[in-house]
Structure formats: C-alpha cells, structure tokens
Amino acid sequence: MKHRFWLALGIGALLSLSAAAQEVTLTRLDCGTGTNDPRRFSDTFAYSETTKPFTFSCYVIRHGSDVMVWDTGYLPGSVPSATNKPLADLLKQINVNPEDVKYVGISHYHADHTGQLAPLKNATLLIGKGDWDGINATPPMGSANVKGFAEWIAEKRKVEPLSVDKDVFDDGTVMMLRAPGHTPGHSILLVRLKEMGPVILSGDAVHFHENYEHDGVPGFNYDRAQTLASIQRVKQIAKNLKATVIIQHDPRDIGKLPAFPASAK
C-alpha cells in the first residue's frame, strides 16, 4: 500500500513538472480596424470628441502542443470595421490548423468577438455562463450574437459554460477570470509568459485607456456596479502580479505584443 502511495505521488509530481515545463506563447491577430464614437462609452458624459480609433484583436495562446484561441473577431465583411482576413487563414499562417484548436475562449457574446467560431469545430468553447444563458434564452438577450453560435448549437459542439474562474491547462499559466458587467458572463484572460511576465487580455472590461484610468462605464453595459467591480479586479491583479494590461480595442496597446506572426514568450 505504501509503495502504491509513493508511486502515485511520484507520478503526480512528474505530471506537475511536465505541465510547468510547457512553453507558453501569445500571438495577436488583426481581426479588424475602425472608429467609434467615444461618447457612447461614458454614462457620465466624460467625452466630447465624436470619433476614436478602434481595433479588433484576436489572440492565439500556445501551451506546448495545445492551442487556444481567445476571441474570434468580426466575420469578415459583415460591417465596415470588419476589415480582417478570415481567422482560419491567419491561423494557417502561424502553422495552426483550425480543426486542431483545443479551446476557444470568448470574452463575451458580442459580434466583434464571436464572428468566426465556425472553423474551430473541434474546440471546446469556454464562455461565461451568464452569456451562454443569454444566447440560449427565449428570446435571446438583445445584444447577443446568436447567429455566431448557430453552428455550435445546432451541431452540439463542446461547450463549458463557466460560473467560476477556470485554470485552462491546470497549471496556472492560462486563466479565464470572471469580470461581469459589460455582459452577464464577461471574462478576461490572464496569460503568464516566462519572458514577458503576466499579461491580461481585457475583453471589453474596458474599451480604451481613459475608461481604464478613470473607471469609465459605457451606458449600454449590462450592469454598472459589476463593471466597476471588474475594473477594480483587473487593476488589482495587474498591481499584484506586475502584469501588462492589454486593452483589446485600444490601438495604443497593439505594440505591447510582437507584430504578427511573431509571439510573446
């Protein structure tokens, strides 16, 4: 019995070391560019300018031989800001077969983050439970991009609705963290890189630097109090881990990661 115990303990330790040894990289994909009216993004009338550049980013996280995609951008050509190439083509440029993607994490259910789920047909969809419930409600929540999930639902693809934080690869390197407010099930992603250090991908917890710095809340957000609590969570994580915060819609943050096809390590 003792022999079995120590053998199991040793195997567990080896597995832990193996997980810890996995190389983790982060690559940004260009999933569209455009402009937006910043006045929409403050319910306290903080902005007077009428236009602000916006970017739409997707990300690829490699964990050893496993691949995760974070947000999938607009469907190309669906709106004027959908200037992007098909996600499948971008993945192939970095030697990723869309059918080999293990996880697709969605910050939230809006169309500029969920437009290209279709080609990732073998992945497990990771999405906040509040958003998943909103998509499947009768009728669905008004701002949910139900069309983007149509094939996922019809084909009964794998999905994991999250009501708590998730350690994606069970070693602390990639964590999907609850940050509701923009939508009911909104999430952010924490990626711990060996060389660059921790990186936080904001989803739409905030949309640009000014909202992050001054706790700005868009009037169209699902819940104001939850939004403010989530912004504070991001700030506290960034402070405690000395993490780099990447605001996904702010073009000023594009340069925080290497230019495609290079990866941060």
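All told, Asn240 falls short of being among the polar types (S, T, N, Q), buried (at least 22 other Cβ atoms within 10 Å of the Cβ), over 20 Å from Val164 (Cα atoms) and at pLDDT 95 or above.
Of all residues in segment 111-134, those satisfying the criterion of being surrounded by fewer than 21 Cβ atoms within 10 Å (Cβ to Cβ) and not in a strand (DSSP E or B) are Ala111, Ala118, Pro119, Lys121, Asn122, Lys129, Asp133.
Residues that are touching a Lys or Arg at 6+ places or on another chain (Cβ under 8 Å) and either part of a strand (DSSP E or B) or within 23 Å of Ile200 (Cα to Cα) (or both) within segment 61-95 comprise Asp66, Val67, Met68, listed in sequence order. In the set Val164, Val146, only one residue is in contact with a strand residue (DSSP E or B) (Cβ under 9 Å, 6 or more places away or on another chain), surrounded by fewer than 23 Cβ atoms within 10 Å (Cβ to Cβ) and of a type outside the set (Gly, Ala, Ser); that residue is Val164.
For segment 74-111, taking the residues that are modelled with pLDDT under 95 and in contact with a Phe, Trp or Tyr (Cβ under 7 Å, 6 or more places away or on another chain), the one that is farthest from His182 (Cα to Cα) is identified as Asn84. Report the residue count in segment 162-200 for those that are farther than 14 Å from Ile127 by Cβ and free of Cβ contacts under 8 Å to residues at least 24 places away in the same chain. Residues in segment 162-200 being farther than 14 Å from Ile127 by Cβ and free of Cβ contacts under 8 Å to residues at least 24 places away in the same chain: 3 in total.
Could you look through segment 56-107, keep only residues that are of a type outside the set (A, V, I, L, M), in contact with a strand residue (DSSP E or B) (Cβ under 7 Å, 6 or more places away or on another chain) and over 23 Å from Ala259 (Cβ atoms), and pick out the one that is surrounded by the most Cβ atoms within 10 Å (Cβ to Cβ)? Among those that are of a type outside the set (A, V, I, L, M), in contact with a strand residue (DSSP E or B) (Cβ under 7 Å, 6 or more places away or on another chain) and over 23 Å from Ala259 (Cβ atoms), it is Tyr103.
The values are calculated or read from the model by the stated rules, or taken from the named source; none is laboratory data. Here the structure is a predicted model, which is why all the values come from computation and not from measurement. No Cβ is skipped: glycine too gets one built from the backbone with ideal geometry, and neighbour counts run over all protein chains shown.
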